[in-house]
Amino acid sequence: MTDLEIYELGIKELTKQLGPAYTTQFLQNCKPRTYDYTAERHKWMDNDPDIRTLAKRIQQRAASRKEEERLKAERIAAWREGMLELTDIEIYELGFKILADELKGYGLLRFITQHFKQL
């Protein structure tokens, strides 16, 4: 498949699962950002905790993630039933999940590359 065909397949799948309005909103939020990972990494490294603290944080984060995933699933189910509207970040996350599930990793990369060309 060409990049354009992958892009069109991605748009079709997004529209099918999110609807036209949320697909448009997802695509508008999906644009290049400037981000300096090195600067952020230095901020994190300045406060290096000991190994016990790191282990405790990892365990707490794992528990939090499970709860977050449960809440996300509940919100998406409620949205699919027409009971609520999704937030911008929920649309963004759901859109990327749909694309990753449908196009897989390499297809997702090609979709994004094509999308940025069209901007």
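What follows draws every value from the coordinates through simple rules; no lab data is involved. What you are looking at is a predicted structure, and each value in this text was computed from that prediction instead of being measured. We place every Cβ from the backbone using ideal geometry, glycine too, and count neighbours over all the protein chains shown.
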Cα to Cα, under 22 Å, and not fewer than 8 places away if on the same chain: which lysines meet these conditions relative to residue 31? 12, 16, 97, 104, 117
In units of 2.2 N^0.38 Å, what is the alpha-carbon radius of gyration of the chain? 1.33
Please build a GNM for the chain, connecting alpha carbons under 10 Å apart, and tell me which residue among 35, 92, 22 fluctuates the most. 35
Given the options 103, 71, 94, state which has the largest fluctuation in a GNM of the chain using a 10 Å cut-off (strictly under) for Cα springs. 71
How far, in degrees from 0 to 90, does helix 20-29 lean away from the longest principal axis of the Cα atoms of the chain, to the nearest 10? 50
Dipole in debye (nearest 20) - region 3-118, about Cα centre, beta carbon charges: Lys, Arg +1; Asp, Glu -1: 280
Picking from 40, 81, 13, which is most flexible by a Gaussian network model of the chain using Cα springs under 10 Å? 40
Applying 1/(1 + (r/R0)^6) with R0 = 30 Å to the Cβ-Cβ distance of residue 39 and residue 61, what FRET efficiency is obtained, to the nearest 0.05? 0.85
